[in-house]
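In what follows, a structure is listed as C-alpha coordinates, so that the remarks can point back to it.
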Amino acid sequence: MDTPPLSGSESDSEDSLVTDRELQDAFSRGLLKPGLNVVLEGPKKAVNDVNGLKQCLAEFKRDLEWVERLDVTLDPVPETSGSEAPATQNKEQRGVDPEDDFRREMSFYRQAQAAVLAVLPRLYQLKVPTKRPTDYFAEMAKSDQQMQKIRQKLQTKQAAMEKSEKAKQLRALRKYGKKVQTEVLQKRQREKAHMMNAIKKYQKGFSDKLDFLEGDQKPVARGTKTGTKGRQMKKGPSAKRRYKNQKFGFGGKKKGSKWNTRESYDDVSSFRAKTAHGRGLKRPGKKGSNKRPGKRTREKMKSRSR
(Lines give C-alpha, C1' and ligand atoms only; values in the text may rest on other atoms or scores of the structure.)
Protein backbone atom coordinates (compact mmCIF):
# COMPACT_ATOMS: atom_id res chain seq x y z
CA MET A 1 0.00 0.00 0.00
CA ASP A 2 1.17 3.46 -0.85
CA THR A 3 1.32 5.88 2.06
CA PRO A 4 -0.61 9.08 1.49
CA PRO A 5 1.50 12.20 0.98
CA LEU A 6 2.03 14.27 4.08
CA SER A 7 0.78 17.83 4.25
CA GLY A 8 3.09 20.79 4.68
CA SER A 9 2.45 21.20 8.42
CA GLU A 10 3.00 17.46 9.09
CA SER A 11 6.22 17.41 7.09
CA ASP A 12 7.47 20.49 8.91
CA SER A 13 6.68 18.92 12.27
CA GLU A 14 8.54 15.75 11.28
CA ASP A 15 11.55 17.79 10.13
CA SER A 16 11.54 19.66 13.42
CA LEU A 17 11.31 16.37 15.31
CA VAL A 18 14.23 15.00 13.31
CA THR A 19 16.32 18.07 13.96
CA ASP A 20 15.42 17.96 17.65
CA ARG A 21 16.54 14.33 17.81
CA GLU A 22 19.77 15.17 16.06
CA LEU A 23 20.40 18.02 18.47
CA GLN A 24 19.70 15.77 21.44
CA ASP A 25 22.11 13.14 20.08
CA ALA A 26 24.78 15.80 19.46
CA PHE A 27 24.27 17.17 23.00
CA SER A 28 24.57 13.67 24.51
CA ARG A 29 27.84 13.16 22.62
CA GLY A 30 29.17 16.49 23.82
CA LEU A 31 29.44 18.03 20.39
CA LEU A 32 27.37 21.11 21.27
CA LYS A 33 29.06 24.05 22.97
CA PRO A 34 27.47 26.96 24.82
CA GLY A 35 26.61 29.94 22.60
CA LEU A 36 25.02 30.38 19.20
CA ASN A 37 25.08 27.13 17.23
CA VAL A 38 25.30 27.85 13.50
CA VAL A 39 25.45 25.21 10.83
CA LEU A 40 28.76 25.69 9.03
CA GLU A 41 28.91 24.91 5.37
CA GLY A 42 31.95 23.74 3.53
CA PRO A 43 34.41 26.20 1.94
CA LYS A 44 33.26 27.82 -1.27
CA LYS A 45 34.76 26.46 -4.41
CA ALA A 46 36.33 28.95 -6.82
CA VAL A 47 34.77 28.75 -10.27
CA ASN A 48 36.91 29.73 -13.23
CA ASP A 49 34.25 30.71 -15.80
CA VAL A 50 36.49 31.37 -18.78
CA ASN A 51 33.67 31.79 -21.26
CA GLY A 52 31.86 34.34 -19.07
CA LEU A 53 35.04 36.34 -18.56
CA LYS A 54 35.71 36.41 -22.29
CA GLN A 55 32.17 37.59 -22.99
CA CYS A 56 32.50 40.45 -20.50
CA LEU A 57 35.86 41.43 -22.01
CA ALA A 58 34.32 41.49 -25.47
CA GLU A 59 31.55 43.81 -24.25
CA PHE A 60 34.15 46.15 -22.79
CA LYS A 61 36.05 46.23 -26.08
CA ARG A 62 33.02 47.13 -28.17
CA ASP A 63 33.78 50.30 -30.11
CA LEU A 64 30.52 52.31 -29.75
CA GLU A 65 29.86 55.98 -30.25
CA TRP A 66 30.07 58.31 -27.29
CA VAL A 67 26.34 59.04 -27.38
CA GLU A 68 25.70 55.36 -26.71
CA ARG A 69 28.25 55.18 -23.92
CA LEU A 70 28.04 58.65 -22.25
CA ASP A 71 31.15 57.98 -20.18
CA VAL A 72 33.33 60.83 -18.90
CA THR A 73 36.48 60.74 -16.80
CA LEU A 74 37.15 64.06 -15.06
CA ASP A 75 38.52 65.51 -11.86
CA PRO A 76 36.22 67.25 -9.36
CA VAL A 77 35.50 70.92 -9.86
CA PRO A 78 37.83 73.06 -7.73
CA GLU A 79 36.18 75.00 -4.94
CA THR A 80 35.53 78.68 -5.69
CA SER A 81 36.23 79.88 -2.14
CA GLY A 82 39.75 81.28 -1.78
CA SER A 83 40.14 80.26 1.85
CA GLU A 84 41.82 76.97 1.02
CA ALA A 85 45.21 76.87 -0.59
CA PRO A 86 45.98 74.98 -3.84
CA ALA A 87 48.02 72.49 -1.81
CA THR A 88 44.89 71.52 0.06
CA GLN A 89 42.99 71.07 -3.21
CA ASN A 90 45.78 68.84 -4.59
CA LYS A 91 45.65 66.81 -1.40
CA GLU A 92 41.89 66.36 -1.80
CA GLN A 93 42.33 65.32 -5.42
CA ARG A 94 44.80 62.62 -4.41
CA GLY A 95 42.35 61.04 -2.01
CA VAL A 96 39.39 61.76 0.26
CA ASP A 97 39.06 60.28 3.70
CA PRO A 98 36.12 57.84 3.42
CA GLU A 99 35.32 58.31 7.10
CA ASP A 100 34.66 62.03 6.59
CA ASP A 101 31.05 62.03 5.37
CA PHE A 102 30.94 65.72 4.44
CA ARG A 103 34.15 65.65 2.39
CA ARG A 104 33.14 62.44 0.67
CA GLU A 105 29.71 63.74 -0.38
CA MET A 106 31.20 67.06 -1.48
CA SER A 107 33.70 65.26 -3.69
CA PHE A 108 30.87 63.29 -5.32
CA TYR A 109 28.91 66.51 -5.86
CA ARG A 110 31.85 68.42 -7.40
CA GLN A 111 32.76 65.51 -9.65
CA ALA A 112 29.17 65.29 -10.94
CA GLN A 113 29.18 69.05 -11.44
CA ALA A 114 32.38 68.83 -13.52
CA ALA A 115 30.85 66.06 -15.65
CA VAL A 116 27.73 68.12 -16.32
CA LEU A 117 29.74 71.21 -17.27
CA ALA A 118 31.83 69.18 -19.69
CA VAL A 119 29.05 67.10 -21.25
CA LEU A 120 26.29 69.69 -21.83
CA PRO A 121 28.07 71.64 -24.61
CA ARG A 122 28.94 68.37 -26.30
CA LEU A 123 25.31 67.23 -26.21
CA TYR A 124 24.22 70.57 -27.65
CA GLN A 125 26.63 70.10 -30.55
CA LEU A 126 25.21 66.62 -31.21
CA LYS A 127 21.64 68.06 -30.98
CA VAL A 128 20.65 65.69 -28.18
CA PRO A 129 17.76 67.06 -26.07
CA THR A 130 18.64 67.50 -22.43
CA LYS A 131 15.31 68.81 -21.06
CA ARG A 132 12.05 66.97 -20.66
CA PRO A 133 9.30 68.26 -23.00
CA THR A 134 6.16 69.79 -21.55
CA ASP A 135 3.92 67.05 -22.97
CA TYR A 136 6.13 64.23 -21.72
CA PHE A 137 4.09 61.16 -20.74
CA ALA A 138 5.60 58.52 -18.52
CA GLU A 139 3.86 55.38 -17.43
CA MET A 140 3.23 55.18 -13.71
CA ALA A 141 5.06 52.58 -11.71
CA LYS A 142 1.77 51.71 -9.98
CA SER A 143 -1.52 50.89 -11.65
CA ASP A 144 -4.57 53.13 -11.60
CA GLN A 145 -6.39 50.74 -9.27
CA GLN A 146 -3.59 50.96 -6.73
CA MET A 147 -3.58 54.76 -6.96
CA GLN A 148 -7.36 54.81 -6.48
CA LYS A 149 -6.99 52.72 -3.33
CA ILE A 150 -4.31 55.08 -2.04
CA ARG A 151 -6.52 58.08 -2.83
CA GLN A 152 -9.50 56.56 -1.01
CA LYS A 153 -7.32 55.76 1.97
CA LEU A 154 -6.04 59.35 2.09
CA GLN A 155 -9.58 60.70 1.79
CA THR A 156 -10.84 58.50 4.64
CA LYS A 157 -7.87 59.55 6.75
CA GLN A 158 -8.53 63.23 6.04
CA ALA A 159 -12.25 62.81 6.81
CA ALA A 160 -11.38 61.13 10.12
CA MET A 161 -9.03 63.99 11.00
CA GLU A 162 -11.70 66.60 10.16
CA LYS A 163 -14.23 64.69 12.24
CA SER A 164 -11.89 64.58 15.21
CA GLU A 165 -11.19 68.32 14.85
CA LYS A 166 -14.93 69.07 14.82
CA ALA A 167 -15.40 66.90 17.90
CA LYS A 168 -12.62 68.82 19.67
CA GLN A 169 -14.24 72.13 18.75
CA LEU A 170 -17.62 70.93 20.00
CA ARG A 171 -16.09 69.81 23.29
CA ALA A 172 -14.39 73.20 23.68
CA LEU A 173 -17.66 75.02 22.94
CA ARG A 174 -19.50 72.88 25.46
CA LYS A 175 -16.92 73.64 28.11
CA TYR A 176 -17.17 77.35 27.33
CA GLY A 177 -20.98 77.20 27.40
CA LYS A 178 -20.95 75.45 30.78
CA LYS A 179 -18.55 78.06 32.11
CA VAL A 180 -20.77 80.93 30.95
CA GLN A 181 -23.86 79.21 32.35
CA THR A 182 -22.25 78.75 35.77
CA GLU A 183 -21.16 82.41 35.79
CA VAL A 184 -24.71 83.55 34.98
CA LEU A 185 -26.18 81.32 37.70
CA GLN A 186 -23.69 82.61 40.26
CA LYS A 187 -24.49 86.20 39.28
CA ARG A 188 -28.22 85.54 39.71
CA GLN A 189 -27.62 83.96 43.09
CA ARG A 190 -25.59 86.98 44.22
CA GLU A 191 -28.32 89.37 43.06
CA LYS A 192 -30.99 87.31 44.78
CA ALA A 193 -29.03 87.21 48.03
CA HIS A 194 -28.51 90.99 47.88
CA MET A 195 -32.24 91.57 47.30
CA MET A 196 -33.22 89.26 50.15
CA ASN A 197 -30.86 91.12 52.52
CA ALA A 198 -32.33 94.46 51.42
CA ILE A 199 -35.89 93.16 51.97
CA LYS A 200 -35.02 91.91 55.46
CA LYS A 201 -33.50 95.29 56.33
CA TYR A 202 -36.63 97.08 55.07
CA GLN A 203 -38.94 94.74 57.03
CA LYS A 204 -37.00 95.22 60.24
CA GLY A 205 -36.94 98.98 59.82
CA PHE A 206 -33.23 99.38 59.30
CA SER A 207 -33.79 101.00 55.91
CA ASP A 208 -36.62 102.96 54.31
CA LYS A 209 -35.43 102.68 50.69
CA LEU A 210 -37.09 100.61 48.01
CA ASP A 211 -34.33 100.88 45.42
CA PHE A 212 -33.76 97.14 45.51
CA LEU A 213 -37.05 96.64 43.66
CA GLU A 214 -35.48 98.11 40.52
CA GLY A 215 -33.73 95.29 38.69
CA ASP A 216 -31.21 97.46 36.86
CA GLN A 217 -29.69 98.91 40.02
CA LYS A 218 -26.43 97.33 41.09
CA PRO A 219 -25.63 96.71 44.75
CA VAL A 220 -23.54 99.45 46.31
CA ALA A 221 -20.83 98.63 48.78
CA ARG A 222 -21.19 99.77 52.38
CA GLY A 223 -18.09 101.93 52.29
CA THR A 224 -19.22 104.04 49.31
CA LYS A 225 -21.43 106.98 50.27
CA THR A 226 -21.65 108.60 46.87
CA GLY A 227 -24.14 106.00 45.65
CA THR A 228 -26.56 106.62 48.53
CA LYS A 229 -26.33 110.38 48.12
CA GLY A 230 -27.00 110.11 44.43
CA ARG A 231 -30.07 107.98 45.10
CA GLN A 232 -31.38 110.43 47.71
CA MET A 233 -31.01 113.38 45.33
CA LYS A 234 -32.52 111.46 42.41
CA LYS A 235 -36.05 112.54 41.41
CA GLY A 236 -38.44 111.45 38.71
CA PRO A 237 -38.85 108.06 37.05
CA SER A 238 -36.02 105.56 37.00
CA ALA A 239 -33.86 104.81 34.00
CA LYS A 240 -35.78 101.61 33.36
CA ARG A 241 -39.10 103.49 33.36
CA ARG A 242 -37.74 106.19 31.06
CA TYR A 243 -36.43 103.53 28.62
CA LYS A 244 -39.81 101.79 28.53
CA ASN A 245 -41.61 105.10 28.02
CA GLN A 246 -39.27 105.91 25.16
CA LYS A 247 -39.74 102.48 23.58
CA PHE A 248 -43.45 101.86 24.11
CA GLY A 249 -44.77 105.40 24.66
CA PHE A 250 -46.45 107.08 27.61
CA GLY A 251 -50.00 105.89 28.19
CA GLY A 252 -51.21 109.16 29.65
CA LYS A 253 -52.94 110.07 32.87
CA LYS A 254 -55.13 107.30 34.34
CA LYS A 255 -56.43 108.82 37.57
CA GLY A 256 -59.60 110.89 37.08
CA SER A 257 -59.92 110.01 33.42
CA LYS A 258 -63.75 109.47 33.76
CA TRP A 259 -64.48 112.79 35.42
CA ASN A 260 -66.68 115.29 33.58
CA THR A 261 -65.18 118.42 32.20
CA ARG A 262 -66.76 121.63 30.88
CA GLU A 263 -66.45 120.42 27.31
CA SER A 264 -68.02 117.02 28.04
CA TYR A 265 -70.86 118.67 30.04
CA ASP A 266 -71.72 121.06 27.20
CA ASP A 267 -71.54 118.30 24.53
CA VAL A 268 -75.13 117.01 23.91
CA SER A 269 -74.54 115.51 20.47
CA SER A 270 -75.15 111.97 21.70
CA PHE A 271 -78.53 112.80 23.40
CA ARG A 272 -81.63 111.09 21.94
CA ALA A 273 -85.06 112.23 23.21
CA LYS A 274 -86.98 109.10 22.13
CA THR A 275 -84.57 106.85 23.91
CA ALA A 276 -84.56 109.04 26.99
CA HIS A 277 -88.44 109.14 27.36
CA GLY A 278 -89.15 105.52 26.52
CA ARG A 279 -90.48 106.18 23.04
CA GLY A 280 -87.77 104.42 21.23
CA LEU A 281 -87.32 100.78 20.45
CA LYS A 282 -88.87 98.41 22.96
CA ARG A 283 -86.86 95.82 24.69
CA PRO A 284 -87.04 92.39 23.09
CA GLY A 285 -89.40 90.15 25.06
CA LYS A 286 -92.16 87.51 24.73
CA LYS A 287 -94.93 88.25 22.25
CA GLY A 288 -98.64 87.28 22.67
CA SER A 289 -98.66 84.96 19.68
CA ASN A 290 -95.90 82.91 21.13
CA LYS A 291 -97.64 82.55 24.53
CA ARG A 292 -98.17 78.94 25.67
CA PRO A 293 -101.84 77.86 26.16
CA GLY A 294 -103.08 76.82 29.58
CA LYS A 295 -103.45 73.35 30.98
CA ARG A 296 -107.18 72.98 30.41
CA THR A 297 -106.90 74.35 26.89
CA ARG A 298 -104.23 71.82 26.15
CA GLU A 299 -106.40 68.97 27.54
CA LYS A 300 -109.32 70.07 25.36
CA MET A 301 -107.04 70.17 22.37
CA LYS A 302 -105.92 66.61 23.10
CA SER A 303 -109.53 65.37 23.50
CA ARG A 304 -110.51 66.94 20.21
CA SER A 305 -107.61 65.30 18.43
CA ARG A 306 -108.73 61.89 19.70
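Some points to look at:
- Descending by average beta-carbon neighbour count within 10 Å, the peptides 103-113, 174-184, 257-267 line up as 103-113, 174-184, 257-267, the highest first.
- The order of 196, 147 by accessible area, most exposed first and with a 1.4 Å probe, is 196, 147.
The values are calculated or read from the model by the stated rules, or taken from the named source; none is laboratory data. Quick caveat, the model's predicted, so the values are computed rather than measured. Positions of Cβ are backbone-derived with ideal geometry, glycine not excepted, and every protein chain shown enters the neighbour counts. The area values use the complete protein model at the heavy-atom level, side chains included, leaving out ligands, DNA and RNA. Shrake-Rupley method; radii C 1.70, N 1.55, O 1.52, S 1.80 Å.
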